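Below is one structure, written out as C-alpha cells, with a few remarks after it.
Nothing in this text is a laboratory measurement; each read-out follows from the coordinates by a stated rule. This structure is a prediction, so every number in the text was calculated from the model and none was measured. Cβ placement follows ideal geometry from the backbone for every residue including glycine, while neighbour counts extend to all protein chains displayed.
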Amino acid sequence: MTSFATWNVNSLRVRLPQLVQWLAANPIDVIALQETKLTDAEFPRAEIEAIGYSAAFAGQKTYNGVATLARSPLHDVITELPGGGDPQRRLLAATVDGVRVVNLYVPNGQTVGSDKYAYKLAWLAACETYLRDELAQHRRLLVMGDFNIAPEDRDVHDPKAWEGAVLVSAAEREALRRLFALGLSDLYRRFDQPPQTFSWWDYRQGAYRRNSGLRIDLILGSAAIAADCAFCRIDREPRAWERPSDHAPCTAGFDIS
DNA sequence: ATGGTGGGCAGCCCA
C-alpha cells in the first residue's frame, strides 16, 4: 500500500509539531501541504529530513506557500503554472515513485464578484490548461490540495445557507467540473462515505463542534491511478487537537503494482 | 450583528 495525503496546515511553523505527530501515527508516503506561510529560506528542512522525508517547496512570506514531502526522492519539480507571472505560491508538481503529484492551493476567492473571485476563476482556467498537459504526459497523476470549492451540495453542511456563496458558487463548481472532465476523478467519491463528512471548519462560532463544515480538500486521480485506489478518507481527529489547523488531512491509499 | 476566530506581522491583510 502506498499512501498519499493532503493537508492545509495554515502555517507550517505553528503546525510542524502536529504534522510530525500525525505522520508518526499514519504511514504516509507522500503528503502535500498548503498554506505553509514560510519563505523557502525558512523551510524546516532539517526537521522534515529527521522524520525520514525529503521535501520540495514553493514558499512566500506570510501568505500561501505549498510543500510536498515524500519518503522517496522528488523529481521534475515545477513551482508555478507555466507562463509564470503569478507571485502567489500555490502550485507544486513533482514526480515520486512514478506518480506525478500536483499539489494545489486554489485561491479562496473571498466573495463572489470580487477581484479575488475573478483571480480564482482565471487561476482555475490556467490550471485546467496545465493539467491537460500533465495528463498527456503522465499516466499516473494525482492532483491534491485545498481546492477551496465544495464539489456538490452533499459536501456542504447547510447547502441552503451557502447557496451561491464563494466556495460553492456555480462558476466555481463548473471550473472544478472541467478538471473532472479532463479525466480526473474525486477519489473520495469512489467509496461509500459517512454523510456530513467535511475537511474544513471555520475557526469561528464553534463550527467544528457543530460540524458546520465543507469538503474542499480533494484528491483527484487519473484513470490509471484511480483504478488502484483502495481507500480515501478524511481524518478529522487533528481538527480537535489543541491549536489546530482549520483543515483536516485527507488520505488516499493505492495498491500500485 | 458587515460579527465571529486564527495566523502573520505590526494596525491591518487574509482565510
Open item on the list: Under a crude label model (7 Å from the Cα following the beta-carbon direction), how far is A:L121 from A:Q205 in nanometres?
Closed with: 2.6
Task: Charge sum, other residues only, whose C-beta stays under 9 Å from A:T6's C-beta, Lys/Arg counted +1 and Asp/Glu -1 - done: -2
- [ ] Please give the per residue volume of the convex hull enclosing the alpha carbon atoms of chain A, rounded to a whole number of Å³.
- [x] 121
- [ ] Treat the count of other C-beta atoms within 10 Å as a stand-in for reagent exposure and order A:E42, A:E237 from fewest to most.
- [x] A:E237, A:E42
- [ ] Could you tell me the distance between the Cα centroids of the range A:49-66 and the range A:165-220, to the nearest Å?
- [x] 24
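Using packing as a proxy for protection, rank A:230-236, A:73-79, A:102-108 so that the peptide with the highest average count of other Cβ atoms within 10 Å comes first. Write out the running numbers ahead of the final one.
Working: A:230-236: 17.4, A:73-79: 14.9, A:102-108: 22.6.
Going from most to least packed, we get A:102-108, A:230-236, A:73-79.
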Task: Net charge of Cβ neighbours under 12 Å - reference A:D228; Lys, Arg +1; Asp, Glu -1 - done: +2
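Which of rounded, prolate or oblate describes the range A:80-195 when judged by the alpha-carbon gyration tensor and an a/c cut-off of 1.5?
On the way: a/c = 2.17, a/b = 1.22, b/c = 1.77.
Oblate shape, in that a/c is at least 1.5 and b/c is the bigger or equal ratio.
Quick one: if the Förster radius is 45 Å, what FRET efficiency do A:R177 and A:A46 give, using the C-beta to C-beta distance and rounding to 0.05? It would help to have the intermediate numbers written out before the result.
Numbers: r = 42 Å, r/R0 = 0.93.
With a Förster radius of 45 Å, E is 0.60.
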Task: Calculated Rg and Dmax of the range A:147-257 using C-alpha coordinates, Å - done: 14.4, 46
TODO: Kindly give the semi-axes, whole Å and largest first, of the ellipsoid equivalent to the range A:24-77, taking each as the square root of 5 times a Cα gyration tensor eigenvalue.
DONE: 19, 12, 11
